[in-house]
Amino acid sequence: MECGGVGRFNLGESVVSYETEGGWTRVSPYYTAACHGGQSAFVQTGSSACTRRNGIEQGKFAEWVKAEFLKADPYSGLSPPDASCADRCTLLQGVRDSVSD
């Protein structure tokens, strides 16, 4: 099963790393999946099923990116947008081009 996609990051776009697990990095806080009739209103591609298998639990989901497509930028001078994770988040600069990298 392919999980649903809610958008794309652009090459060079900065993201915050909240956690990394199994080769994937979570780059957003958990937020509502807007489930109606068992389907998420936010999913743009792939499965929109509001199921745990599709990454939606208790009506919430987060955005994840393959860790191999990210690189750390410790000199960016930026801070995470969510101050509650400042002690455990990492700012990542640039979503790498999955074709050329």
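Laid out as a table, the results:
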{"item": "Relative contact order computed over segment 11-73 (Cα-Cα under 8 Å; 6+ residues apart), in percent", "result": "34"}
{"item": "Relative exposure of 31, 18, judged by other C-beta atoms within 10 Å (fewest first)", "result": "31, 18"}
{"item": "Centroid-to-centroid separation of segment 7-26 and segment 42-56 [C-alpha atoms, Å]", "result": "18"}
{"item": "Distance (nanometres) between label positions extended 7 Å along Cα→Cβ at residue 13 and residue 34", "result": "1.6"}
{"item": "Loop-located trypsin sites (Lys or Arg not before Pro) in segment 1-53 whose Cβ has at most 14 other Cβ within 10 Å (DSSP)", "result": "8"}
{"item": "Global geometry of segment 1-72, whether rounded, prolate or oblate, following the gyration tensor of its Cα atoms and the 1.5 cut on a/c", "result": "prolate"}
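None of the figures in this text is laboratory data; all of them are computed from the coordinates on show. Only a predicted model underlies this, so the values are computations on that prediction, with no experimental measurement involved. When we count neighbours, we look across all protein chains shown, and the Cβ atoms used for this are built from the backbone with ideal geometry, even at glycine.
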